[in-house]
1. Condition test on residue B:59, is it within 14 Å of chain A (Cβ to nearest Cβ) and out of contact with any helix residue (DSSP H, G or I) (no Cβ under 6 Å at 6 or more places or on another chain)?
2. Residue B:106: within 14 Å of chain A (Cβ to nearest Cβ) and in contact (Cβ under 8 Å) with a residue 40 or more places away in the chain, yes or no?
3. Only one of (1) part of a loop (DSSP other than H, G, I, E, B); (2) more than 14 Å from every other protein chain (Cβ to nearest Cβ); (3) within 23 Å of residue A:185 (Cα to Cα) is not met by residue A:40, so which one is it?
4. Quick one: which of A:118, A:134 is assigned to a loop (DSSP other than H, G, I, E, B) and over 21 Å from residue B:201 (Cα atoms)?
5. How about region B:187-246: which of its residues are away from chain A (no Cβ under 14 Å), in a loop (DSSP other than H, G, I, E, B) and touching a residue at least 12 places away in the same chain (Cβ under 8 Å)?
6. Can we say residue B:167 is at pLDDT below 85, away from chain A (no Cβ under 14 Å) and under 23 Å from the mean Cα position of the chain (by Cα)?
7. Of the residues in region A:231-248, how many are within 23 Å of residue A:21 (Cα to Cα) and part of a helix (DSSP H, G or I)?
8. Can you pull out every residue in region A:96-112 that is surrounded by fewer than 18 Cβ atoms within 10 Å (Cβ to Cβ) and either at positive phi or facing chain B (nearest Cβ under 9 Å) (or both)?
């Protein structure tokens, strides 16, 4: 089961409220090093809010959380050095070229000029985007943008990478390629924390948690979840749980 | 790290289809147009002359008034009420009523009265127009007296004011240094106020916020580009002031630059602070507009701060624009040296320290 020494994310009763609304309601869970951890939930279930707290973008209302061994309340700066993040909304600079975006974030994370140059070549080659290096990012197709954003998020070789609905809106081929990148990343020992609402993607995760109305209602390997809920697929598991929701999704 | 941020800001700026043009043409156009518009010399005031006298003298007076070029005859109504009507309809700004016994009184006693009424809806225009008219009429009266008696009693004391530092009392000379300040305030205030908030709107700020970059670095990366833009803007403005209006600073141009460097940072800080607190570009723009309007109106640019009510003067003390306008006018027109302007320089440095700290503190990576 879970090896205590290997835990890279741990939360204890982590909560975030906006006024009367409790977006994330006392969640407690742990993620192990090198895992692909699927963070599932319907729209408005609180996935993004929880992830933003873990990334140091949002302050918890109550409860505790530790990422890469650092407290999310007091050591946000330490955490930021050790994580990569890809937001739901594409957030690279559209008016910069492909190589310029890579260079900018490499520089911000303190990589040396030479290292940036070398790694950029390797990366572009691996992505098959060497021809596109001089293109403005806004002219790229969405699938390529997503792959680039993911690559930029792990360019500085973080311990954990957070991906917020990384495959939203891209075609099945691009999604499969994206998941290949996720596997490669996990193989390198980088923990992948990924939210999604594609249930077939949930099957690819090592472990999956399902959020309903701000709470984590289920957390296990996809195989065991299917057994527990006596379901054929993750989709049925998810539907069974989502039906218990009382929250209006937008 | 800063290097990469600056590279990014400049690349974005240069790729923007509009920004580089704005930075070049706005100062150029503003410097070519504003000085002519911001003048207090009033010309072509529409005058309604009610001549009840119909005499040679009243004819001469009318001609003199019109020949000055300040007044344009709008109508010659036959009664004061009719004249007032033309003011109501906006056809005339000033009424001059000449009484029927004008010439008679003038020849008999040497004294006569006329009535001047000015429309004060536009206060400046009204008061300036009536004072012009008074001086034209009294000039006319003097010349009549002189021709009547050879004695020159009336002009025994001749007051000729000498306007120091701006001998021609040229409004353009007085306004240009202040207009340069206004230009800097608008460009170096508005552009940064839209910058951070636009990154919030597109979402790119998220990607920056998850990086370990420090607040100081981030703000420095935003501030320095506007500093350089500001230097370009004032250089264009100085060049236009010199080549078009022949106005060079009486003092040291280096002092002008040195203090502009501080001032640009002060206004850009204000812009960044507003951007940090705003969540949409629209919001940032309106808030900035509100502040710029107050800053400009309470700066002494158009009306002297000394004649504002006490409470307004008290507020103006917190207006960096006020100090910089004093600095610019003093160096440009009087040739003041840095040592003459210490209180203003200290004030600017104070604003710089406070606003920069505020800009850094108000940038929040975490909500």
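The values are calculated or read from the model by the stated rules, or taken from the named source; none is laboratory data. Keep in mind it's a predicted model, so treat the numbers as computed, not measured. Cβ sites come from the backbone with ideal geometry, for glycine too, and all protein chains shown count toward neighbours.
1. Spelling it out, it is not the case that residue B:59 is within 14 Å of chain A (Cβ to nearest Cβ) and out of contact with any helix residue (DSSP H, G or I) (no Cβ under 6 Å at 6 or more places or on another chain).
2. no
3. Failed condition: (1).
4. Numbers: A:118 fails: assigned to a loop (DSSP other than H, G, I, E, B).
After applying the criteria, what remains is A:134.
5. B:244, B:245
6. yes
7. So the count comes out to 2.
8. First pass over region A:96-112, keeping only residues surrounded by fewer than 18 Cβ atoms within 10 Å (Cβ to Cβ): A:110, A:112.
Scanning region A:96-112 gives a single hit, A:110.
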